[in-house]
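I have placed the structure first, in the form of structure tokens, so that the comments after it can refer back to it.
Every number in this text was worked out from the coordinates using simple rules, so none of it is lab data. Note that the coordinates shown come from a computational prediction; the quantities given were computed from them, not determined experimentally. A quick note on method: Cβ atoms are made from the backbone with ideal geometry, for glycine too, and the neighbour counts reach across all protein chains shown.
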Amino acid sequence: MTKKYKYRKRFMYRGKMYCVYADTQMELGRKYADRLRALEEGTEIKGGSTLIKVWAVKCIEAYKIGQKENTRKNYMRRVKHCILEEIGNMTVADVTPMQLQLVLNLQQGKSKTQINEVYQALRFIFKHAVENHLRADDPTLYLQKPAGTHHGRRALTATERKAALDVAQTDRRYYFYLLMLLCGCRPSEAAECQGRDLSVDRGCCMLHIRGTKTEKSDRYVPVPDFFAALIKKTGPFEYIACTRDGGKIKNHDRLWHSFKRQLNIYLGCKMYRNQLIPPYPLAPDLVPYCFRHEYCSDLARKGIDIRTAQKLMGHSDIKMTANIYTHVDRDDILEAGKILNGSHPTVATQP
């Protein structure tokens, strides 16, 4: 049975009628003020006057219930940076398809993966807005994805590998890339590795990678002896790769810019007034993920079984591992040529 209140106040806001009810005049005044403030700030999820920044957060909380904590953080970061910073203060009802297309167009030139994530987030937010009667139509139905780039992931050349190993040992921050190259960490995993994650099993130093991307991401991998010697004294709650004040590495782009600069200097890039002078010796297609790719390629070169490699990489699907295992680069082709020509030491020569 619906409760009957003694007092009622009706008021108009943006052409719509609203009512508040209470048992006392004081309570009625408070409810009226609260309701009006909620409507003005867009914090009331009722009608198209709701602000997009409020609806997006509520929508994600309600419908993205299967996301892991780390996935949720990354998703929210993308939504806030790429969508809410642009249109967050607009109302759900007022935004137009053209405005959403302009938001998506800002991603032009970014990676195809990022463009697709922003596109899917826009579709998600406004599809559920229509379902919840916050607007009559879906303004994302005919959005067009702008042109994006594809950053290929490849193994390192011998020169790049030597440079990376040498330069990475000169700065504790750069251990980030040794964790990727020698232990197969993803960037987010490398940032989280601490001294407590190191252990010794039958004489072999092991690293516990507390991955969260998939259920297979949490894994143990062996640490090469020379790297183990570098990091064995890391305190239990110290980060293996850390900032100069011992903190967690958060700005991966800034770190990569610094590391690339040092690699170019190591490879002989000329400088003037502390600025690098083109051409740069380092290949422009080298990206951080190449170090993880190199780790998997190393496993293939050394004959590690593909199922073992899958576990070491933390892949949920063995097809992902196989894509790297079947990758053939120019060095592999030249090595095959030596074998076919009988010049490889494993090929017996005829008497």
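Side notes on the structure shown:
- Subtracting the Cα-Cα distance of Phe226 and Asp245 from their residue separation scaled by 0.36 nm leaves 4.4 nm.
- Candidates Thr140, Thr159, Thr212: whichever shows maximal mean-square fluctuation once the chain is modelled as a Gaussian network with Cα springs under 10 Å: Thr159
- Simple label model, 7 Å out from Cα along Cβ direction - His133 to Arg307, nm: 5.6
- Estimated distance in nm for a label pair at Arg254 and Glu86, the labels positioned 7 Å out from Cα along Cα-to-Cβ: 2.6
- Considering only Val20, Val287, Val57, the mean-square fluctuation computed in a Gaussian network model of the chain, springs between alpha carbons under 10 angstrom, is largest for Val20.
- Taken along the Cα-to-beta-carbon direction at a fixed 7 Å, the label points for Gln169 and Arg273 span 3.6 nm.
- Correct option for Cα Rg over 2.2 N^0.38 Å [calculated from the coordinates] among [x] 0.94; [y] 1.36; [z] 1.06: [y]
- Stretchable slack from Lys319 to Leu36, in nm (0.36 nm times residue separation minus alpha-carbon distance): 96.3 nm
- Of the residues His293, His128, His257, the one that moves most in a GNM of the chain with alpha-carbon contacts below 10 Å is His257.
- Count Lys and Arg as plus one, Asp and Glu as minus one, and take only other residues whose Cβ is under 13 Å from that of Asn116; the net charge is then +4.
- Counting Lys and Arg as +1 and Asp and Glu as -1 over every other residue whose Cβ lies under 14 Å from the Cβ of Gly195, the net charge comes to +3.
- Multiplying the residue separation of Asn105 and Val287 by 0.36 nm and subtracting their alpha-carbon distance yields 63.1 nm.
- Positive end of the dipole of the range 60-176 (Cβ unit charges, origin at the Cα centre): among Ile83, Leu156, Ala93, the Cα lying farthest that way belongs to Leu156.
- C-alpha long axis of helix 252-266 to longest principal axis of the chain, angle in °: 30
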